[in-house]
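Take a look at the structure below.
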Amino acid sequence: MLKIENISVKGGDSLILKDISLKINKNETMVIFGPNGSGKSTLLKSIIGISNYKIVKGRIFFNDIDITNLPISERAKIGIGIMFQNPPKIYGIKILQLARYISKNELEIKEIAEKLKVDMLLKRDLNVDLSGGEIKRVELFQILLQRPKLLLLDEPESGVDIENISIIGKVLNEYIKKTSCSALIITHTGYILDYIKGEKGCVIIDGRITCKTDPQTVFDMIKKYGYEKCEECKWR
Amino acid sequence: MEIKKEELKQLEIVGFDIEEKERAGSFIQKDKEVVFTRTFQEGVEILPIEKAFENYPEIKEKYYGYSFKKLNKEFPKDTEGGYFIRVKKGVKTLFPIQACLYIKAKKFRQKIHNIVIVEEDAQVYVITGCTAAKETEDAYHLGITEFFIKKNGFLNFTMIHSWKKDIEVQPLSVSIVEEGGTFISNYISLNPVKKITMYPTTILEGENSKFRSSSIIVSYSESYQDIGARCILSNKNTSTEIISRAISYGGKVIARGHIKADSPMVKGHLECRGLIINEKGFIYAIPELETSYRDVELSHEAAIGKIKREEIEYLASRGIPEEEAQSMIIRGFINVDILGLPEFLEKEIKKIVEKV
């Protein structure tokens, strides 16, 4: 489904990601851990094509298509859906307006909105005056309407209370199970692992992948020893 | 005075409804002559200003120039024409009153003086459109308007400008709002113009009175628009909100806002956003807040700049091609929730935006 071959990514003048390679198969979820500023979000943004980040080396393939230089909207159309950690506020564009752009199915819009409890927010401007939990639910609402084959989730639980994590976790898990899609999830707290069982896990430290194993093991080790241990980990 | 069908058709772009089906009354002035005035609802009076002064000398005595005197300001007296609109006590109009000021003659200097009186407990919507014929050249428009909103009166006034690149325009207005009164003023400037300077003042004289102003300014290359709104909060529990959106495709916009709290226990908020689309565009936002009282709540926010890359890419990540995302953002930007705008004008604005 997703194959990243040896990419290095620059943000401005600094090299953020160094020789990253990874592979996610169909119906497979990979969980990425790593300290703040290690390059996790940069990886997700590079996969969708955000222009602040330049791929200076390597290639990204999605279902065997080289998407390294594909426009963002094309990447979305072929099945990549991203849930941003801090989406921008856009005045004058209503959530419903964007939803209707993404999906022509009013019933589907209504059902997913109700499920994620965003039905009351549909007439609001995009991400304007929304709480942390509302922003995440609105993000998820949009990407579920996109029906992606690959989910890129950038800390879906950050800034969100327990109740919202539960809604988001359950809905995500249901979608992944139902559609057999793949997912790449960044988590800091690991809470999302209560709802989604990942098949693969990895740790990014200082722009490099230092460890690849099953996510629960990685998470348990991080909880026990912190990220320092990851650097000298046996799977390295 | 006659007006041709094709000319009337042209007035549609500034909100004039030729059929007059959903209007409480109409007024048209072409150059210096009033073409017609009509009213369709009892308690609504629309007259050429000279006629009103003839019929009601006491009105001239009491109101003509009164609002300017309040501000110790002079105003041009060499005007010809203009409308007198009065909505009688307690009368609420179902449909808006429409007024149109139209310039036809070349190099014509149209100078008018309007008076609008909304009596106690009355409620009215007014749409004023100002435009010029295609063949007009180097014309000038001065529009003085004095608004008087009496106790608990309500006025929603929308002014639509659609000029040409060789026309200079100078609206000059002062409004006085009494106790419990509400004045909502909407302004839209759509087409190229040589120069517009306007800085209307509203005085909230009575307790609990309110003023809300919103402007949409679209600015093209070689246009100069110095446009603002000022509100003087001169009694307790008065409040105002002044909002503007300026979008420059190469023209120069000065977006002003001024709230002066002349009384304690008042509230005011200014909001100015500017978007520069074309490299040559220029926007200068000047928000001003002023008071010598402690117990007031005054605030402003201003933001100008180009469309953020992050916003475009965010929409693109939902499958919207970048160009389309950009026009969506522009449309959203000038999509102020303005009350009572005619439907076709919304379409007009959309069309203009989509041209880019």
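Nothing in this text is a laboratory measurement; each read-out follows from the coordinates by a stated rule. Computed from a prediction, not measured in an experiment: that's the story for all the values here. Virtual Cβ from ideal backbone geometry, glycine too; neighbours counted across all protein chains shown.
Remark: chain A is approximated by an ellipsoid whose semi-axes, taken from the C-alpha gyration tensor as √(5λ), come to 28, 20, 17 Å, largest first. Taking each of A:LYS10/A:LYS197; A:LYS117/A:LYS197; B:LYS73/B:LYS151; A:LYS23/B:LYS308; B:LYS51/B:LYS77 in turn, the alpha-carbon distance tops 21 angstrom for A:LYS10/A:LYS197; A:LYS117/A:LYS197; B:LYS73/B:LYS151; A:LYS23/B:LYS308. Neighbouring Cβ atoms from other chains, within 10 Å of the Cβ of residues in A:67-75, number 4 on average. When both the stretch B:51-90 and the stretch A:1-75 are represented by their alpha-carbon centers, they are found 69 Å apart. Based on DSSP H assignment, which helices of chain A show an axial Cα extent of at least 20 Å together with a mean Kyte-Doolittle hydropathy greater than or equal to -0.5? Within chain A the helices that satisfy the rule are A:132-146, A:162-179.
Across peptide B:304-317, the average count of Cβ atoms from other chains found within 10 Å of a residue's Cβ is 6. Treating r as the C-beta distance of A:ASN6 and A:ASN86 and R0 as 22 Å, the FRET efficiency rounds to 0.15. Dividing the summed helix terms, -39500 (n - 2.57) for each DSSP H run of n ≥ 4, by the number of residues in chain B produces a 222 nm estimate of -4500 deg cm²/dmol to the nearest 500. Note on B:LYS306 and A:ILE78: the model spin-label points, each 7 Å out from Cα along the C-beta direction, lie 2.9 nm apart. Adding -39500 (n - 2.57) for every DSSP H run of four residues or longer, then dividing by how many residues chain A holds, sets the calculated 222 nm ellipticity at -10500 deg cm²/dmol.
Shown is the FRET efficiency for A:ASP119 and A:ASN52, computed with R0 = 41 Å from the Cβ-Cβ distance and rounded to the nearest 0.05: 0.75. Compared with the direct C-alpha span, the chain from A:GLU108 to A:ASP19 gains 28.0 nm at full extension, assuming 0.36 nm per residue. How charged is the neighbourhood of A:ILE4? Take every other residue with its Cβ under 11 Å from the Cβ of A:ILE4, and add Lys/Arg as +1 and Asp/Glu as -1. Summing Lys/Arg as +1 and Asp/Glu as -1 gives +1. Show me the GluC sites (Glu not before Pro) within the stretch B:37-79 that DSSP assigns to loop and that have at most 15 other Cβ atoms within 10 Å of their Cβ. Those that pass, being in a loop and sparsely packed, are B:GLU42, B:GLU74.
With neighbours defined as other Cβ atoms within 10 Å of a residue's Cβ, the residues B:HIS161, B:HIS269, B:HIS141 order from fewest to most as B:HIS269, B:HIS141, B:HIS161. Within straight-line reach of B:LYS306, meaning a Cα separation under 18 Å, sit the following aspartates and glutamates at least 8 residues removed in sequence or on another chain: B:GLU271, B:GLU279, B:GLU322, B:GLU323, B:GLU324, B:GLU354.
The shape of chain B comes out oblate: with a ≥ b ≥ c from the C-alpha gyration tensor, a/c is at least 1.5 while a/b does not beat b/c.
Derived from the Cα gyration tensor, the three semi-axes of the equivalent ellipsoid of the stretch B:1-198 are 25, 19, 15 Å, largest first. When you filter the trypsin sites (Lys or Arg not before Pro) in the stretch B:290-323 for DSSP loop state and at most 16 other Cβ atoms inside 10 Å of their Cβ, you are left with B:ARG294, B:LYS306, B:LYS308. Filter A:LYS40/A:LYS170; A:LYS94/A:LYS200; A:LYS123/B:LYS92; A:LYS149/A:LYS229; B:LYS9/B:LYS88; B:LYS60/B:LYS134 down to the pairs with a C-alpha to C-alpha distance above 27 Å, please. Among A:LYS40/A:LYS170; A:LYS94/A:LYS200; A:LYS123/B:LYS92; A:LYS149/A:LYS229; B:LYS9/B:LYS88; B:LYS60/B:LYS134, the Cα-Cα distance tops 27 Å for A:LYS94/A:LYS200; A:LYS123/B:LYS92; A:LYS149/A:LYS229; B:LYS9/B:LYS88; B:LYS60/B:LYS134.
Return, ordered by residue number, the residues of the stretch B:147-188 whose backbone nitrogen is under 15 Å from a label point located 7 Å along Cα→Cβ of B:GLU207. Answer for the stretch B:147-188: B:151-152, B:178-181.
Sparse packing (at most 11 other Cβ atoms within 10 Å of the Cβ) combined with a DSSP loop state is found for the following GluC sites (Glu not before Pro) in the stretch B:109-168: B:GLU135. Other residues lying with their Cβ under 9 Å from the Cβ of A:ILE67 contribute a combined charge of 0, Lys and Arg counting +1, Asp and Glu -1. FRET efficiency for the A:LYS223 to A:LYS178 pair, using the beta carbon distance and R₀ = 41 Å, is estimated at 0.85. In this simple spin-label model, placing a label point 7 Å from the Cα along the Cα-to-Cβ direction at both B:ASP78 and B:SER299 gives a separation of 4.8 nm. Sorted ascending by nearby beta carbons within 10 Å, beginning with the fewest, A:LYS40, B:LYS51 become B:LYS51, A:LYS40.
With a simple spin-label model that places each label point 7 Å from the Cα along the Cα-to-Cβ direction, the separation between B:ASN278 and B:GLU33 comes to 3.7 nm.
Projecting the Cα atoms of A:CYS211, A:ILE112, B:ILE167 onto the charge dipole of the protein assembly as shown, computed from C-beta unit charges around the Cα centre, puts A:CYS211 farthest toward the positive end.
Shielding value for A:45-54 is 2, the average number of Cβ atoms from other chains within 10 Å of each residue's Cβ.
For a straight C-alpha distance cut-off of 20 angstrom, the aspartates and glutamates reachable from A:LYS224 (same-chain residues fewer than eight places away being disregarded) are A:ASP194, A:ASP214, A:GLU232.
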